[in-house]
Amino acid sequence: MKYVSLDLETTGLDEHTHQILEIGAIIEDPYNELGFNEIPKFHAFIASPNYVCQAGAAVMNTNIFKILSEGKHQDIVTLLAAESMLINWLNKNLGKNADVTLAGKNVGTFDIPFLQVHMPNLFKNVNIHRRVLDPGILFTDIKKDSVIPNLKKCLSISGIQKEISHDAVEDAWDVIQVLRKKY
């Protein structure tokens, strides 16, 4: 089953108050595992005239704000343009009317609610499946863990020692890497 590993970077945790800063998505085909340079990727930074931001999100996304403030990166687009581009990219790479399974750490409880609020046309034009792949549940030791592991712990359990970059495409790639190790 092909799936789309998706990650958002946002200005905070509330989808009704905060904005999307960056979208990264990668299509994984488990029968044809490609390297990072070859695999189909989508990326966009979201330009907005104003941002409502939580302090922690501002610190975590300092690099994104720097890129947005300079305004020179080729992937800087409006939210409406990013939505249209993502719809076209998914339909082109997976086929129109394909069922799309999303994967990502907290994709079901964080990313999808943000997308539903900020990109409602995505759900009208792409068949996003209700079930998602969240690696945390796959790496949970129900008898030992007090909480479901975060992506950093999933990477560590998989034998991948690296820091979480908070770059949407790199984080989407990290999810693919841990799912490849698990399956």
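Bear in mind that the values in this text are calculations on the coordinates, not laboratory data. In this text the structure is predicted, and so the values were computed from the model without any measurement. We place every Cβ from the backbone using ideal geometry, glycine too, and count neighbours over all the protein chains shown.
Quick check on the exposure proxy: order Asp14, Asp174 from fewest to most C-beta atoms within 10 angstrom.
Values: Asp14 13, Asp174 25.
In increasing order of surrounding Cβ atoms, one gets Asp14, Asp174.
Expressed to the nearest 5 percent, the antiparallel share of DSSP beta bridges inside the chain is 65 percent.
Bridging of Lys92 to aspartates and glutamates at a Cα separation below 20 Å is possible for Asp7, Glu28, Asp29, Glu33, Glu38, Asp75, Glu83, once same-chain residues fewer than 8 apart are set aside. Helix-only arithmetic for the chain: the sum of -39500 (n - 2.57) across DSSP H runs with n ≥ 4, divided by the residue total, places the mean residue ellipticity at 222 nm at -10500 deg cm²/dmol.
With the simple spin-label model, which puts each label point 7 Å out from Cα in the Cβ direction, the Ala98 to Val52 separation comes to 3.6 nm.
On full extension, the segment bounded by Lys124 and Asp141 gains 2.4 nm, given 0.36 nm per residue less the C-alpha separation.
Go through Lys96/Lys182; Lys72/Lys181; Lys162/Lys182 and tell me which ones have a Cα-Cα distance over 26 Å in this structure.
Values: Lys96/Lys182 29 Å; Lys72/Lys181 37 Å; Lys162/Lys182 17 Å.
Among Lys96/Lys182; Lys72/Lys181; Lys162/Lys182, the Cα-Cα distance tops 26 Å for Lys96/Lys182; Lys72/Lys181.
In the frame of its principal axes, the chain has Cα extents of 47, 39, 30 Å, reported largest first.
Summed over all non-identical Cα pairs, the Kirkwood treatment of segment 85-183 gives a radius of 14.7 Å. Using a cut-off of under 18 Å, list every residue of segment 39-75 whose amide N is near the label point 7 Å from the Cα of Tyr183 along the Cα-to-beta-carbon line. Answer for this model: 39-41.
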